[in-house]
Amino acid sequence: MQMNEQHIADSFGISPELLPHLPTLLADIWVLGSWPDRIVELLSPLELPGDSTRVLEVGCGKGAVSVPIARDLGFRVHGVDLFEPFLQEARARAAEAGVADRCTFEQADMKEVLGRGETYDVVVIAAVGHALGDTVEIVGALRQTVRPGGYMVLDDGYLSRKERVDYPGYEHCRDRETTLRELTAHGDRLVKEVVIPFTDLMAYNARNNEVIARRVTEVSLRHPELREQLLRYQQAEIEECLLLETETVAAILLLQRT
Ligand SMILES: C[S@@+](CC[C@H](N)C(=O)[O-])C[C@H]1O[C@@H](n2cnc3c(N)ncnc32)[C@H](O)[C@@H]1O
């Protein structure tokens with residue numbers, strides 16, 4: 001098992017044995033937890049030139065955010081993710097959308113890419129959680145690669161109450177007030193906050209849980225030895241959705257780098 005594989009398995013909260021089946025389990029889901037239309041709406045009024053604007057998306061998954069940014073705004077997007085099967089789909093989706101010439105997708109660790117010293121006009125991190133640490137650390141890592149006056153888009157959210165939640169992967173989550181304070185701790189300006197309506201979150205989660213359940217059955221039939229792990233995965237997905245619906249607010253935050 002390579003280090004990357006363990007890391008990817010951990011980031012999806014699955015056992016490494018399920019990793020080869022992840023593309024099948026998530027085959028019906030292109031958007032992996034983010035709100036691409038809202039991100040495009042957030043970026044479109046900014047004064048950024050079409051085809052010379054350079055965007056970096058870290059943790060781009062299957063390109064569900066990168067491809068609409070290239071397609072609808074004409075920007076050039078470089079997507080980075082650890083999981084090659086997702087990147088293959090991202091490249092195919094970019095070609096299908098007619099923007100293969102404006103999109104590049106690279107298999108790499110976001111920490112390495114953010115430390116390269118390249119600069120972009122916009123950096124996006126969507127539904128990646130706290131792979132880069134707490135909110136101060138996330139913004140600190142992103143802003144290394146954004147030009148002064150450029151933008152950072154964080155599609156994630158915050159806790160709906162002051163109390164912290166005891167759930168793996170959510171250790172760094174804080175309430176709105178603390179999150180906004182942490183976001184601007186490096187001196188950057190909060191330009192806009194878009195809160196995702198609860199009904200949209202519910203509908204998105206319900207649809208995903210339904211298609212995952214079907215894929216769990218399909219993979220279980222082919223691999224009965226994995227049945228228990230697959231059912232645990234399905235259950236964990238349902239529990240995480242419940243946590244998101246009861247304890248968090250989904251929101252996209254747009255920051256301008258000083
Ligand atoms: C929930 S998905 C979100 C994907 C995409 N942003 C979207 O909204 O559809 C999180 C992605 O982050 C990637 N990821 C996690 N840690 C990473 C790291 N250190 N470097 C690069 N990608 C990472 C995972 O492989 C996964 O594809």
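The values are calculated or read from the model by the stated rules, or taken from the named source; none is laboratory data. Only a predicted model underlies this, so the values are computations on that prediction, with no experimental measurement involved. Ideal geometry is used to build each Cβ from the backbone, glycine not excepted, and the neighbour counts take in all protein chains shown.
Once the range 134-154 is narrowed to residues that are within 15 Å of the ligand (Cβ to nearest atom) and in a strand (DSSP E or B), the residue that is surrounded by the fewest Cβ atoms within 10 Å (Cβ to Cβ) is Leu154.
From the list Gly169, Gly157, the lone residue that is surrounded by 18 or more Cβ atoms within 10 Å (Cβ to Cβ), within 22 Å of the chain's Cα centre (by Cα) and not β-branched (Val, Ile, Thr) is Gly157. Contact map, the range 109-130: first residue farther than 13 Å from His78 by Cβ, second residue more than 8 Å from the ligand (Cβ to nearest atom), Cβ cut-off under 6 Å, separation 6 or more or different chains; pairs are Ile125/Leu154; Gly129/Gly169; His130/His172.
Residues of the range 86-128 that are at pLDDT 95 or above and of a type in the set (Gly, Ala, Ser): Ala90, Ala92, Ala94, Ala95, Ala97, Gly98, Ala100, Ala108, Gly115, Ala126, Ala127.
Note on the range 8-33: residues that are within 9 Å of the ligand (Cβ to nearest atom) and either exposed (fewer than 14 other Cβ atoms within 10 Å of the Cβ) or free of Cβ contacts under 8 Å to residues at least 24 places away in the same chain (or both) amount to 2.
Listed conditions (1) within 11 Å of the ligand (Cβ to nearest atom); (2) modelled with pLDDT of 95 or more; (3) surrounded by 17 or more Cβ atoms within 10 Å (Cβ to Cβ); (4) farther than 19 Å from Arg181 by Cα are all met by Ala131, apart from (2). In the set (1) modelled with pLDDT of 95 or more; (2) more than 14 Å from the ligand (Cβ to nearest atom), the condition left unmet by Pro49 is number (1).
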